Amino acid sequence: MSSGQKKHQFVTNFKKDTSLIKRIGANILFFVGSTKITLRNNLLTPKEYKKVKKIIVPGDIVLVGDHRHMSAMIIGGAVTHALLFINGHTLIHAIAHGVQETTLRKLFQEYDTLIVLRPLIDDQKEKIVSKAIAWAKEQMNKPYDYEFDTDTEKLFCTQLVNEAYHHAGFDLGLTNHEITNNIVTEQIRRWKN
């Protein structure tokens, strides 16, 4: 461990009026969710990274699955997290430490499954995608929503992506993990047939 690495992490990105109980609960959820249940390399390959780099465009929704952490057992399904692709190598997502940017390369180092979804936008696609990305960027550093409610003072991953498009005037319909998993399951079924 290098001298710059933290041995333990705690969630500290809370609204000022968040109670001590909610802060402790969020940190317990973070600890349990980030606990690795298997020590192995992820399942995504460099070849798949190159394929994704060729097809991904700004505004794409990236769904990833991490099957090495305890959170995967709690969430279940092929995907456990949602992100919005911004440009180049950059994505934005809501994680335990709040809304932050990450890179495509980092996803390929941490996750086991990755699916790229492109919203079917007929009219004013560039304008809608641009507005969705701008709204998502405005949410940077907002706290993670451990209560999974509908306000946007705090955000969970799917909510960030869905709200970004909602504020751009387009309804994705990805309001919860079950709906997202149903979409993924249907796409996998179609692909296999």
What size of dipole, in debye to the nearest 20, comes out for the range 101-152 about its Cα centre when the only charges are +1 on Lys and Arg C-beta atoms and -1 on Asp and Glu C-beta atoms?
380 debye
Accessible surface of His167 in the full protein assembly, 1.4 angstrom probe, to the nearest 10 Å²?
90 Å²
As a test question: what accessible area, to the nearest 10 Å², does Lys22 have when a 1.4 Å probe is rolled over all protein chains in place?
110 Å²
From the phi of every residue in the range 109-116, what ³J(HN,Hα) in whole Hz does the Karplus formula 6.51 cos²θ - 1.76 cosθ + 1.60 yield, where θ is phi - 60° and glycine or proline is x?
8, 10, 10, 9, 10, 8, 10, 9
Starting from the amide H of Leu114, placed 1.01 Å from N in the peptide plane, find each other amide H under 5 Å away whose residue is 5 or more places distant or on another chain.
Gly65
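The values are calculated or read from the model by the stated rules, or taken from the named source; none is laboratory data. Every value quoted in this text rests on a predicted model; they were computed, and no experiment measured them. Cβ atoms come from the backbone with ideal geometry, glycine included; neighbour counts cover every protein chain shown. All accessible areas refer to the heavy atoms of the entire protein, side chains included, with ligands and DNA or RNA removed. Shrake-Rupley method; radii C 1.70, N 1.55, O 1.52, S 1.80 Å.
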